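The values are calculated or read from the model by the stated rules, or taken from the named source; none is laboratory data. Computed from a predicted structure; not experimentally measured. Counting neighbours? That spans all protein chains shown, and the Cβs are built from the backbone with ideal geometry, glycine included.
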Amino acid sequence: MITNIILITHQKGGVGKSTLTFNLALNLADSAKVAIIDFDAQGSLLQLKSTITTMDILESPADLDSISTLGYDFIFIDTPPYLSNSLPQLISIADLIIVPTKAGVLDLMAINSTILMIEERRRLDNTLIVLSMVKPNTTLTLDVLIELNKYDVHVAKTQISDLVSFTRSVVRSGLGKDLKAKNQIDSLTREVLAKLL
Ligand SMILES: Nc1ncnc2c1ncn2[C@@H]1O[C@H](COP(=O)(O)OP(=O)(O)OP(=O)(O)O)[C@@H](O)[C@H]1O
Ligand SMILES: [Mg+2]
């Protein structure tokens with residue numbers, strides 16, 4: 001059995017890492033064996049453990065090499081908004097690294113240290129930047145596109161909008177009837193799967 005390990009990371013806080021991890025994992029959990037491993041000591045996703053039946057939410061294991069032997073098709077790893085000791089090794093073992101970012105110039109500048117660390121481990125080819133919490137009726141400004149272009153890294157075609165259903169998804173165990181949000185997660189899921197193949 002092959003376990004696909006998907007790491008969601010960004011050293012900046014509040015960019016939507018945990019929310020995106022949760023929704024991508026939940027989306028695949030209908031058709032595959034899925035777990036989230038919560039590496040955030042504050043354990044935000046771990047608190048949802050008892051409310052979710054279709055996938056497992058696990059504490060971080062002591063031995064990171066054991067992650068691929070846990071018997072899941074997909075393991076999503078949520079990380080804290082700082083440079084943790086385990087991050088370099090997580091970057092090395094991940095099959096795909098997702099870096100969510102808000103779509104402002106200053107937000108994109110904050111990506112630097114995360115991208116550098118990925119580059120040092122030669123994992124940029126396996127990295128996908130995802131624009132998240134994109135405000136309605138915004139088109140990406142030229143400055144943002146230039147800033148994004150600086151990094152030799154793939155940017156997901158799918159953008160995740162700023163929608164209350166994403167905020168609520170965590171307590172409601174899903175996106176409910178919000179088709180816009182659902183379509184975005186479906187579309188990003190397809191991009192993730194394509195990148196893993
Ligand atoms: N697409 C979205 N639309 C609207 N609100 C969102 C979206 N994604 C996340 N949020 C909200 O933004 C806040 C931060 O999101 P989240 O906790 O997922 O970010 P994070 O990167 O995991 O933060 P931290 O670095 O502190 O762990 C939360 O209140 C969450 O509900
Ligand atoms: Mg988080």
Yes or no: residue 146 touching a strand residue (DSSP E or B) at 6+ places or on another chain (Cβ under 7 Å) and aliphatic (A, V, I, L, M)?
no
Sole miss for residue 82 among (1) modelled with pLDDT of 95 or more; (2) within 14 Å of ligand 1 (Cβ to nearest atom) is condition (1)
From the list 91, 67, 75, which residue is more than 15 Å from the chain's Cα centre (by Cα), away from ligand 1 (no atom under 15 Å from the Cβ) and surrounded by 19 or more Cβ atoms within 10 Å (Cβ to Cβ)?
67
Could you tell me whether any residue of the range 15-36 is free of Cβ contacts under 8 Å to residues at least 24 places away in the same chain, more than 12 Å from ligand 1 (Cβ to nearest atom) and either surrounded by fewer than 21 Cβ atoms within 10 Å (Cβ to Cβ) or under 9 Å from residue 74 (Cβ atoms) (or both)?
yes
